[in-house]
Amino acid sequence: MGFQEILDSPVEFHPIATDAHTGEAADLHKHIRDHTSLQAALRASAAMPLLAGDPIEIDGRQFIDAGLSEAIPIRTAIAQKATHIIALRTRRADQTVSPPSFGERLVLSRWLARRAPGAVETWLSREARRAEEEDLLASHPATLEIRPPIGSANIGRTEVRPGPFARPST
C-alpha cells in the first residue's frame, strides 16, 4: 500500500473508527502523523470485534471497526460539510442485512462488554442506524452509490473463499 502517497496527498484522508468507550464514530485524521500512525488508523478502522483481537490504541484511546458506529459514514461526511458523496457499497441493492443470531448476540455482546463497553448499545442498535444511513444516502442531493450488480454472488462479512470473487465466465 502506498502509505507515503497517502501522507503526501493534497486530498485529506479521514479513516473512521468506532471509539471503544463511547460507541461513537471517530474521524482518525488528526491522529495521522507518519507511516506508523497511518497504519494504526487503518487497523483501527477495520478491527472487527472478536476476529481482530483487542481494540487498537491510538493516542491513549481505543478503537474498533468503523462499521459498528457507521456502516456507511454518511453522518460524518454530512457533519464535515461534504457537498458530494460517493458510496462504494458492498451489498447489492436487493440484498438485506440479516439480524445477528442469538449466538452472535451473546458472544459479541460479552466481548464488547469486556473490551469496548461503549460499543455494546451501538452494536445492538445497528439495524436502526443502518436504515437511517440508507435514508440519508437517498435524500442527499449529490450522492452516487456504486453497488455490485443484481444477481452477483452473496459475499459475507468474513468471506475468504476465492470462488465468490471470481469473474463469471462468459
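The values are calculated or read from the model by the stated rules, or taken from the named source; none is laboratory data. Bear in mind that the values here come from a model prediction, so they are computed numbers and not experimental data. Please note: Cβ atoms are built from the backbone with ideal geometry, for glycine as well, and neighbour counts cover all protein chains shown. Remember, those area values only see protein heavy atoms, side chains included, never the ligands or the DNA or RNA. Shrake-Rupley method; radii C 1.70, N 1.55, O 1.52, S 1.80 Å.
Quick notes
- One residue stands out among those in the stretch 1-14 that are in a helix (DSSP H, G or I) and in contact with a helix residue (DSSP H, G or I) (Cβ under 9 Å, 6 or more places away or on another chain): the one that is most open to solvent (accessible area, probe 1.4 Å), which is GLN4.
- Taking the listed residues ARG161, ARG92, the one that is out of contact with any Cys (no Cβ under 6 Å at 6 or more places or on another chain), outside any helix (DSSP H, G or I) and touching a residue at least 60 places away in the same chain (Cβ under 8 Å) is ARG92, with no other qualifying.
- Filtering the stretch 15-50 to residues that are open to solvent by 40 Å² or more (accessible area, probe 1.4 Å) and over 19 Å from ARG129 (Cβ atoms) leaves HIS29, LYS30, ARG33, ASP34, HIS35, THR36, GLN39, LEU42, ARG43, LEU50.
- Among residues of the stretch 54-64, those that are open to solvent by 30 Å² or more (accessible area, probe 1.4 Å) and part of a loop (DSSP other than H, G, I, E, B), counted: 3
- Single residue of ARG105, ARG75, ARG130, ARG114 found to be open to solvent by 90 Å² or more (accessible area, probe 1.4 Å), assigned to a helix (DSSP H, G or I) and modelled with pLDDT under 95: ARG105
- Of the residues making up the stretch 143-158, none is without any contact (Cβ under 8 Å) to a residue 40 or more places away in the chain, assigned to a loop (DSSP other than H, G, I, E, B), within 25 Å of GLU24 (Cβ to Cβ) and not β-branched (Val, Ile, Thr).
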